[in-house]
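The values are calculated or read from the model by the stated rules, or taken from the named source; none is laboratory data. Being a predicted model, the structure only gives us computed values, none of them experimental. Positions of Cβ are generated from backbone atoms using ideal geometry, with glycine treated the same way; all protein chains shown enter the neighbour counts.
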Amino acid sequence: MSAELVLARTAPWRRKRLLLPALVLAVLALAVVLGPALIGPAGALVDLRHRLALPSLAHPLGTDALGRDLLLRLLLGGRVSLLVGIVAALAAAGLGTAIGLVSGYRGGRVDALLMRLTDGVIALPLLPLLVVLAALDPAKLGLGFLARSEDASLYRIVVLVALVGWTTVARLVRGATLSLKAQEFVRAAVAMGARPLRIMVVHILPNLASPIIVATTLSVGEIILLESVLSFLGLGVAPPLASWGNMLTGAQETIALAPQLALYPGLLILFTVVACNFLGDGLQQALDPRARRE
Amino acid sequence: MTRFIVLRLAQMAAVLAVMSLVIYALIGLMAGDPIDVMIASNPHLTAADAARLKALYGLDRPLLERYLAWAQAALHGDFGYSRLYMKPAFEVMAPRLANTAILMGASFVLALGMALPLGIAASRKPGSAFDGCVNLLAFAFISVPSFWLALMLILVFAVSLGLLPAGGIATVGDGGVLDRLQHLVLPVATLTLASMGGHLRYVRAAMIETLGQDYIRTARAKGAGELRVLLGHALRNALIPVITVAALSFGSLFSGALVTETMFAYPGMGKLIYDAVLGNDYNLALAGLLLATAMTLVANLGADIAYAAVDPRIGQR
């Protein structure tokens with residue numbers, strides 16, 4: 001469904017609820033993509049003589065504990081956090097869609113098993129399990145070649161987060177599949193002898209666009225939060241690569257000297273996640289007529 | 001009802017057995033093994049010694065065989081020795097478990113205790129200014145990273161105002177009740193606020209849904225007072241989804257406890273698991289994770305029982 005169609009169908013006061021978070025996210029995305037080039041790469045260098053400097057013309061937000069420009073680090077960290085959030089959310093959405101489709105279409109035992117798995121993933125204490133998963137040795141998994149890459153921590157965090165972030169999409173897709181399965185066009189396709197895979201991919205999947213869009217938007221926020229806490233705990237994006245989460249790792253030690261180091265990355269995470277959640281909520285109300293009663 | 005509980009207990013034991021195998025296998029995939037750790041701390045060990053030790057501890061045997069041996073010992077209450085704390089893993093966990101129970105219990109009660117009245121009040125006039133504020137508050141608490149919330153609370157109440165301790169569980173040399181409570185304020189506040197947003201949204205949504213039902217109009221038509229309509233008729237029905245979600249949130253509450261405990265150096269189960277994994281304390285990590293999983297399963301069972309108690313239709317089926 002195109003963006004214009006969504007807006008055309010939406011009451012004016014609801015449009016504002018969609019546009020404002022979309023605008024916030026667009027500005028953030030633009031800033032992290034273009035910002036670093038405007039500031040120049042010099043601020044990324046460690047400069048121990050100017051540690052924890054106060055804001056100045058050269059460093060609009062001051063410098064961090066290693067003398068790097070804080071604004072530049074925030075923008076570069078935003079690149080990583082947003083990219084990881086979007087890529088992991090898409091991966092999780094793909095996994096969730098596949099599970100939800102099969103579960104809803106097949107029904108019976110397959111459905112019961114997959115839904116039990118989904119409930120299990122939702123109910124388990126995920127963070128302790130993720131801590132263990134992050135500590136796994138890639139060499140023992142036969143992935144030693146990946147571990148040597150510079151971006152190994154990025155691949156790891158995307159996989160980890162996608163592994164636990166698929167449940168929302170899976171449940172919504174399953175529910176929608178259940179109701180679509182009973183409709184005439186699907187039964188006609190069955191009668192004409194279409195194979196289950198074809199029915200799922202060609203006939204059902206295109207009709208699932210709106211629940212998938214809503215669930216993915218909502219899970220981007222959730223996933224950015226998860227990335228930030230794992231990176232903060234030293235299990236996600238690894239320094240020197242910046243992410244909003246790992247920029248807060250050392251902030252606790254310097255909080256009395258330089259509270260701004262602890263303040264900004266967290267505020268950016270908060271704004272981003274609030275915007276994603278409002279956008280997802282707004283989309284849900286715009287796309288799902290049943291949700292409008294509220 | 002008894003049949004229902006027995007059935008769920010059997011199911012729970014099966015899930016726990018499967019999870020223990022999964023966790024056991026995962027811990028085995030962590031970097032290094034206990035013998036590597038021994039070699040690292042004692043450079044005089046030769047390769048032959050290492051092989052002999054591996055055979056002695058059974059590390060040369062296949063995974064399933066090792067798991068069964070471990071499970072047999074675990075069923076007898078022997079979870080092995082903690083490398084970091086030089087004590088049996090179970091002894092290390094016991095006091096931590098109590099600390100976590102205090103933290104999580106207080107936060108759970110406070111979060112629900114604040115979410116219920118706020119959500120009920122907001123549901124009376126959906127779309128009003130007050131409702132909008134409550135909704136915004138819920139979104140803010142859902143979206144705030146809990147570790148950052150902890151940092152901000154430390155910044156304001158410990159660093160700037162100097163009112164409360166920034167971490168730990170008690171001041172050295174002072175183990176009084178007041179001192180313990182002071183150390184609890186910030187961790188409990190963090191976990192409460194971080195887990196409140198979800199409850200608030202569910203209470204509000206469930207109450208709005210029930211307040212639109214016909215039996216509410218009937219109750220009002222019969223002249224029931226507003227409080228009786230809200231609490232006696234609407235809340236009782238709205239509680240069903242709320243209880244389910246609240247109990248299912250035990251896992252995420254535990255995840256929140258891990259973050260909170262790490263931030264405030266609070267000696268609980270979450271921090272224990274985190275430290276054990278980072279410190280290659282395999283036995284302790286395994287026992288801790290399993291205990292956390294078991295606690296979650298028990299909480300879910302509790303939810304099912306509470307659910308059956310609130311909605312009499314469930315237990316009879």
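From the list B:GLY127, B:GLY58, B:GLY119, B:GLY80, pick out the single residue that is on the phi > 0 side of the Ramachandran plot and touching a Leu at 6+ places or on another chain (Cβ under 9 Å).
B:GLY80
Taking B:ALA166 and the conditions (1) more than 12 Å from chain A (Cβ to nearest Cβ); (2) buried (at least 20 other Cβ atoms within 10 Å of the Cβ), which numbered condition does it fall short on, given that it satisfies the others?
In the conditions (1) more than 12 Å from chain A (Cβ to nearest Cβ); (2) buried (at least 20 other Cβ atoms within 10 Å of the Cβ), B:ALA166 misses (1) alone.
Is it the case that A:ARG14 is of a type in the set (Lys, Arg) and at pLDDT 70 or above?
Taking the combined requirement at face value, the residue does not satisfy it.
Which condition breaks for A:PRO60 when tested against (1) surrounded by fewer than 16 Cβ atoms within 10 Å (Cβ to Cβ); (2) of a type outside the set (A, V, I, L, M, F, W, C); (3) at pLDDT 85 or above; (4) in contact with a helix residue (DSSP H, G or I) (Cβ under 7 Å, 6 or more places away or on another chain)?
Only one criterion in (1) surrounded by fewer than 16 Cβ atoms within 10 Å (Cβ to Cβ); (2) of a type outside the set (A, V, I, L, M, F, W, C); (3) at pLDDT 85 or above; (4) in contact with a helix residue (DSSP H, G or I) (Cβ under 7 Å, 6 or more places away or on another chain) is unmet by A:PRO60, namely (3).
Given A:VAL32, A:VAL6, A:VAL84, which one is part of a helix (DSSP H, G or I) and at pLDDT below 70?
Exactly one residue qualifies, and that residue is A:VAL6.
Can you tell me which residue within region B:255-270, out of those that are touching a residue at least 40 places away in the same chain (Cβ under 8 Å) and among the small types (Gly, Ala, Ser), is farthest from B:SER195 (Cα to Cα)?
The selected residue is B:ALA265.
Looking at B:ASP275, B:ASP281, can you tell me which residue is under 30 Å from B:PHE79 (Cα atoms) and in contact with a strand residue (DSSP E or B) (Cβ under 7 Å, 6 or more places away or on another chain)?
B:ASP281
Can you find a residue that is part of a helix (DSSP H, G or I), more than 14 Å from the chain's Cα centre (by Cα), among the aliphatic types (A, V, I, L, M) and over 27 Å from B:ALA303 (Cβ atoms) anywhere in region B:187-205?
No, because not a single residue in region B:187-205 is part of a helix (DSSP H, G or I), more than 14 Å from the chain's Cα centre (by Cα), among the aliphatic types (A, V, I, L, M) and over 27 Å from B:ALA303 (Cβ atoms).
Quick check on region A:236-244. Is at least one of its residues farther than 22 Å from B:SER146 by Cβ, more than 9 Å from chain B (Cβ to nearest Cβ) and at pLDDT below 85?
There is at least one residue in region A:236-244 that is farther than 22 Å from B:SER146 by Cβ, more than 9 Å from chain B (Cβ to nearest Cβ) and at pLDDT below 85.
What is the one condition in (1) at pLDDT 90 or above; (2) within 19 Å of the chain's Cα centre (by Cα) that A:LEU75 does not satisfy?
Among (1) at pLDDT 90 or above; (2) within 19 Å of the chain's Cα centre (by Cα), A:LEU75 violates only (1).
Just to confirm my filter: which helices (runs of 4 or more DSSP H) fall fully inside region A:107-226 and include at least 1 residues that are touching a residue at least 12 places away in the same chain (Cβ under 8 Å) and more than 14 Å from chain B (Cβ to nearest Cβ)?
A:108-123, A:152-164, A:167-181, A:184-191
Considering region B:1-43 alone, what residues qualify as being in contact (Cβ under 8 Å) with a residue 40 or more places away in the chain, over 20 Å from B:ALA308 (Cα atoms) and among the charged types (D, E, K, R)?
B:ASP33
Does A:LEU270 fit the bill of being touching a residue at least 12 places away in the same chain (Cβ under 8 Å) and facing another protein chain (nearest Cβ under 10 Å)?
no
If you check B:LEU286, B:LEU278, B:LEU297, B:LEU290, which single one turns out to be without any contact (Cβ under 8 Å) to a residue 24 or more places away in the chain and of a type in the set (A, V, I, L, M)?
Only one candidate passes the filter, namely B:LEU278.
Hey, does region A:246-263 have a residue that's under 21 Å from B:TYR274 (Cβ atoms), more than 8 Å from every other protein chain (Cβ to nearest Cβ), buried (at least 24 other Cβ atoms within 10 Å of the Cβ) and not basic (Lys, Arg)?
Scanning region A:246-263 turns up at least one residue that is under 21 Å from B:TYR274 (Cβ atoms), more than 8 Å from every other protein chain (Cβ to nearest Cβ), buried (at least 24 other Cβ atoms within 10 Å of the Cβ) and not basic (Lys, Arg).
Hey, can you tell me all the residues within region B:263-306 that are facing another protein chain (nearest Cβ under 9 Å), of a type in the set (Ser, Thr, Tyr) and out of contact with any Gly (no Cβ under 7 Å at 6 or more places or on another chain)?
The answer is B:TYR274, B:THR293.
Kindly indicate whether A:GLY107 is surrounded by fewer than 17 Cβ atoms within 10 Å (Cβ to Cβ), modelled with pLDDT of 90 or more and over 30 Å from B:THR262 (Cβ atoms).
It is false that A:GLY107 is surrounded by fewer than 17 Cβ atoms within 10 Å (Cβ to Cβ), modelled with pLDDT of 90 or more and over 30 Å from B:THR262 (Cβ atoms).
Would you tally the residues in region B:223-254 being small (Gly, Ala, Ser), more than 10 Å from chain A (Cβ to nearest Cβ) and more than 14 Å from B:LEU200 (Cα to Cα)?
5
Just checking, which of B:ALA48, B:ALA40, B:ALA31, B:ALA14 is loosely packed, with under 12 Cβ neighbours inside 10 Å, within 12 Å of chain A (Cβ to nearest Cβ) and on the phi < 0 side of the Ramachandran plot?
Selected residue: B:ALA14, the only one of B:ALA48, B:ALA40, B:ALA31, B:ALA14 that is loosely packed, with under 12 Cβ neighbours inside 10 Å, within 12 Å of chain A (Cβ to nearest Cβ) and on the phi < 0 side of the Ramachandran plot.
When you look at B:LEU248, is it more than 16 Å from B:LEU84 (Cβ to Cβ) and buried (at least 19 other Cβ atoms within 10 Å of the Cβ), yes or no?
Considered against the rule, which asks whether it is more than 16 Å from B:LEU84 (Cβ to Cβ) and buried (at least 19 other Cβ atoms within 10 Å of the Cβ), B:LEU248 comes out as no.
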